[in-house]
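Okay, so here's the structure we're looking at.
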Amino acid sequence: QVQLVESGGGLVQAGGSLRLSCAVSARTFSSIAMDWFRQGPGKEREFVAGISQSGRNTAYADSVKGRFTISRDNAKNTVYLQMNSLKPEDTAVYYCAGGAFYYKTNPSDYRYWGQGTQVTVSS
């Protein structure tokens, strides 16, 4: 059984930074591609960033490229999302997800999901 638990969300002013973490309970964590999605108020869930099983390959949505960085520590079974230069439009519930391919942008391609963590960016 694979469980994902996000943490690190909160309220931050525009221009600020937050670091999200996702702890994964899985013996096979290093074989799972990990991604971050987000869902804003009244919006569909959207892809934010993905990282391959080894951590060597990453992918980002255009809206966060250059501001967000995804990383993982396979020794700690944890994936991170460093978010800098935050904007009010980044306000959303952020979810980590696990699957076979890090670059897939459709939520239906991911088997494992966390419960989400709220990120609110004030202007």
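The values are calculated or read from the model by the stated rules, or taken from the named source; none is laboratory data. Small disclaimer: the values here were computed from a predicted structure and weren't measured. We place every Cβ from the backbone using ideal geometry, glycine too, and count neighbours over all the protein chains shown. Accessible surface is based on the protein model in full, side chains and every heavy atom, while ligands, DNA and RNA are left aside. Shrake-Rupley method; radii C 1.70, N 1.55, O 1.52, S 1.80 Å.
Some values worked out for this structure:
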| read-out | value |
| --- | --- |
| Matching residues, the range 31-46, being free of Cβ contacts under 8 Å to residues at least 60 places away in the same chain and open to solvent by less than 50 Å² (accessible area, probe 1.4 Å) | 40 |
| Qualifying residue in the range 19-35 (condition: over 22 Å from residue 2 (Cα atoms) and out of contact with any helix residue (DSSP H, G or I) (no Cβ under 7 Å at 6 or more places or on another chain)) | yes |
| Inter-residue pairs, beta-carbon under 9 Å, first at negative phi and in the range 66-92, second assigned to a loop (DSSP other than H, G, I, E, B) and of a type in the set (Phe, Trp, Tyr), 6+ apart | 70/102 |
| Any hit, the range 22-38, residues being part of a loop (DSSP other than H, G, I, E, B) and touching a Lys or Arg at 6+ places or on another chain (Cβ under 8 Å) | no |
| Subset tally (residues that are under 12 Å from the mean Cα position of the chain (by Cα) and over 16 Å from residue 9 (Cα atoms)) for the range 59-73 | 6 |
| Leading residue by the ranking (surrounded by the most Cβ atoms within 10 Å (Cβ to Cβ)) among those in the range 7-30 that are closer than 14 Å to residue 85 by Cβ and within 16 Å of the chain's Cα centre (by Cα) | 18 |
